[in-house]
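Asks: One structure coming up, written as structure tokens, with questions to follow.
The values are calculated or read from the model by the stated rules, or taken from the named source; none is laboratory data. It should be emphasised that the depicted structure is a prediction, and the values quoted were computed from it without experimental measurement. Counting neighbours? That spans all protein chains shown, and the Cβs are built from the backbone with ideal geometry, glycine included.
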Amino acid sequence: MKKHTTSIIIFIFIAQILVSSAFLVEKSYGTPIEFDVGFGTAPVIDGVVNGATSEWASAEKLEIELFPDLLNQSNGLLIDLWVLQAESNLYILARFDLDDHSSSEYDKEFLGILIADWDADLDFTDAKIVQFSNMSTNSYSYLDYNVNDTAYYEDLNPDGDGAAKLEGNQIVYEFSMPVENIEGGVEDVELDHGDTFNFKIIFGKTATYPSGIIISNIISIHLQFSPGAPVLPIGALLMSISTIIVFSTIGAFFAYYIYRITQLKKEIERIRG
Ligand SMILES: [Ca+2]
Ligand SMILES: [Ca+2]
């Protein structure tokens, strides 16, 4: 092996690190931070993460905090937030622990997802809510509302779905909502693939909106996949290709070394013999 091959390996390594770091930089425009979605098969909306069917396995998995005051972000509640596009729907899961979750204090708990249109910044006009009426009997309703300023109105044509279930101190909320739903009208934000939407996650323990909201946070989600047709984003594609090339090259050099060592061993044995 000559000196220049070592130089080539070092050069490829440096190039790989540079290419990788370019795609690791998180995109953001101040707050909220923008996230991409995962793509996979549709989960069952029942408030349970079914490990046997690997539901949510391909979701984008985030951890965010919900705050009493978004301007002064302290005393947050950490939640798992999973985001997945499958078939013609967007799926969102929220999961978290509360010490006294099964106490009567949380009997009328709710978790909601408010949605702002792609060009409406933080004007949240659509609300999907799972509202408990009795936590101890797992009684709840899925509500689809439209929001005008701070007034919440029930949709005449609700769509999407939501479910929740408490196990021990841990609760799981699962939501689905249609993407490219041309029937949305004024009651829903029409989610389109290729666009980025702001979502506000809200939580409270009295069935009144917005006064019952005690903690919340906002994230941006980029709906990168067209329904039924996942296309690998160009950044990820370039990363995969360059990674394959680098590791194949290293593999080839390694195989060559093994081959040379074996040959040398044979040579030495022949000379000794
Ligand atoms: Ca489920
Ligand atoms: Ca609505």
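Asks: Give me the residue from region 224-267 that is touching a strand residue (DSSP E or B) at 6+ places or on another chain (Cβ under 6 Å) and modelled with pLDDT of 85 or more and, out of that set, nearest to residue 197 (Cα to Cα).
Replies: Here the residue is 224.
Asks: Another question, then. Those residues that are within 16 Å of ligand 1 (Cβ to nearest atom) and either in a strand (DSSP E or B) or of a type in the set (Asp, Glu) (or both), I need them from region 146-163; list them, please.
Replies: 161, 162, 163, listed by residue number.
Here is a yes/no grid of residues against (1) within 16 Å of ligand 2 (Cβ to nearest atom); (2) surrounded by fewer than 18 Cβ atoms within 10 Å (Cβ to Cβ):
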residue: 79; (1), (2): no, no
residue: 98; (1), (2): no, yes
residue: 119; (1), (2): no, yes
residue: 127; (1), (2): yes, no
residue: 139; (1), (2): no, yes
residue: 143; (1), (2): yes, no
residue: 178; (1), (2): yes, no
residue: 188; (1), (2): yes, no
residue: 196; (1), (2): no, yes
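Asks: Within region 148-166, can one find any residue that is in contact with a Pro (Cβ under 8 Å, 6 or more places away or on another chain), within 15 Å of ligand 2 (Cβ to nearest atom), over 16 Å from residue 89 (Cα atoms) and touching a residue at least 12 places away in the same chain (Cβ under 8 Å)?
Replies: Yes: region 148-166 contains one or more residues that are in contact with a Pro (Cβ under 8 Å, 6 or more places away or on another chain), within 15 Å of ligand 2 (Cβ to nearest atom), over 16 Å from residue 89 (Cα atoms) and touching a residue at least 12 places away in the same chain (Cβ under 8 Å).
Asks: May I pose another question? Looking at region 114-144 only, could you name the residues that are in a loop (DSSP other than H, G, I, E, B) and either under 16 Å from residue 204 (Cα atoms) or within 16 Å of ligand 1 (Cβ to nearest atom) (or both)?
Replies: The one that is in a loop (DSSP other than H, G, I, E, B) and either under 16 Å from residue 204 (Cα atoms) or within 16 Å of ligand 1 (Cβ to nearest atom) (or both): 138.
Asks: Please tell me if residue 12 is in contact with a Ser or Thr (Cβ under 9 Å, 6 or more places away or on another chain), of a type in the set (A, V, I, L, M, F, W, C), modelled with pLDDT of 95 or more and outside any strand (DSSP E or B).
Replies: For residue 12, the condition - in contact with a Ser or Thr (Cβ under 9 Å, 6 or more places away or on another chain), of a type in the set (A, V, I, L, M, F, W, C), modelled with pLDDT of 95 or more and outside any strand (DSSP E or B) - is not met.
Asks: Of everything in region 156-176 that's acidic (Asp, Glu) and closer than 15 Å to residue 113 by Cα, which residue is surrounded by the most Cβ atoms within 10 Å (Cβ to Cβ)?
Replies: 174
Asks: Scanning for something in a loop (DSSP other than H, G, I, E, B) and on the phi > 0 side of the Ramachandran plot, does region 207-223 turn up at least one residue?
Replies: There is no residue in region 207-223 that is in a loop (DSSP other than H, G, I, E, B) and on the phi > 0 side of the Ramachandran plot.
Asks: Scan region 99-109 and give yes if some residue there is away from ligand 1 (no atom under 16 Å from the Cβ) and within 25 Å of residue 34 (Cβ to Cβ), otherwise no.
Replies: no
The rows are residues; the columns are (1) within 13 Å of the chain's Cα centre (by Cα); (2) in a loop (DSSP other than H, G, I, E, B); (3) outside the structural domain of residue 211 (by TED's automatic domain parsing).
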{"site": "50", "(1), (2), (3)": "no, yes, no"}
{"site": "58", "(1), (2), (3)": "yes, yes, no"}
{"site": "64", "(1), (2), (3)": "yes, no, no"}
{"site": "74", "(1), (2), (3)": "no, yes, no"}
{"site": "85", "(1), (2), (3)": "yes, no, no"}
{"site": "95", "(1), (2), (3)": "yes, no, no"}
{"site": "112", "(1), (2), (3)": "no, no, no"}
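Asks: Of the residues in region 167-176, how many are of a type outside the set (A, V, I, L, M), more than 16 Å from ligand 2 (Cβ to nearest atom) and in a strand (DSSP E or B)?
Replies: 4
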